[in-house]
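Below is one structure, written out as structure tokens, with a few remarks after it.
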Amino acid sequence: MNAQVLKLLLAGEYICPHRYGPEFLLLEDVAEREEVDAWLLPLGMRTARLSEEGAFFMAYERIGLKQVTQVKNELLKFRDEYGPAVLTLDLIRQSDTSRVQLTPGEIIMLYQLEEAVAQSSTLESQLKGLLGVITNAAMRNTNHENLRRMMEHLAKDGYVVLANKDTGAYEVTGKIEQLYAVLQFLDENKVIPDTEVDDRDEVDDDLVDQANADSGESS
């Protein structure tokens, strides 16, 4: 049993081939995964994934009333926990809606984002509106610098990984599927209070549609 795999799972990481390739391959092995699950069982946890090709993550071994309550309480913090990611990913989708699907393994080029923002006053205003949720972003920075820091913020949160520093290429990770699952759950179960749903719907309808599409493909 690999110690690094356990550390990543216990840290709440999503282990996918795009961010944690070696650890993902280890968990693909049934025997290795059974050993990991045996170690996690006394903690009331297990390995899980959202699809046959999806990222591995740690989940409750059993879902009881206590766990359901905890999950609902966490989802009520949607705006703080997931809001920044939804807003920034929404900007990326709008930069080229015919091309960008934000699926695991997809490559996002920083220079293409910069070109899209330069050609659209709407996207530029949207970027400026995100400065408050992007780490180290500022009005004094160029669009290029703020977009770079936006991608670094997404990388820190685990939704993308820097694939090529020289070209500014970022690769979408398997954690994106977890965000889609949360959005789909919220959309179907109306967990968020109505006063927040109206605001959320203005920015994440496209992401909800993507979540529903992914769910349809995996079913």
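The values are calculated or read from the model by the stated rules, or taken from the named source; none is laboratory data. Remember, predicted model here, so these are calculated numbers, not experimental data. In this analysis, Cβ positions are derived from the backbone assuming ideal geometry, glycine residues included, and neighbour counts consider all displayed protein chains. These area figures cover heavy atoms from the full protein model, side chains too; ligands, DNA and RNA do not enter into them. Shrake-Rupley method; radii C 1.70, N 1.55, O 1.52, S 1.80 Å.
Worth pointing out:
- For residue 106, the residues whose amide H sits under 5 Å from its own are 172, ignoring neighbours fewer than 5 places away on the same chain, with H placed 1.01 Å from N.
- Loop-resident sites, the stretch 121-191, for trypsin sites (Lys or Arg not before Pro), counting at most 16 other Cβ within 10 Å (DSSP): 140, 165, 190
- A crude spin-label estimate for the pair residue 51 and residue 6, with each label 7 Å from Cα along the Cβ direction, gives 3.2 nm.
- Electrostatic dipole magnitude of the stretch 3-60 [Cβ: Lys, Arg +1; Asp, Glu -1; Cα centre; debye, to 20]: 260 debye
- Here the relative contact order of the stretch 108-197, from alpha carbon pairs under 8 Å that lie six or more residues apart, stands at 25 percent.
- Descending principal axes extents, the stretch 65-189, alpha-carbon based, whole Å: 49, 29, 25
- Carbon and sulfur %, accessible surface of the stretch 65-189 computed with the full protein complex present, 1.4 Å: 47 percent
- Ordering of 36-47, 101-112 by packing [mean C-beta count within 10 Å, highest first]: 101-112, 36-47
- Long-range amide H partners of residue 45 with built H, under 5 Å: 61
- Rg ratio (alpha-carbon, reference 2.2 N^0.38 Å) - the stretch 3-60: 0.98
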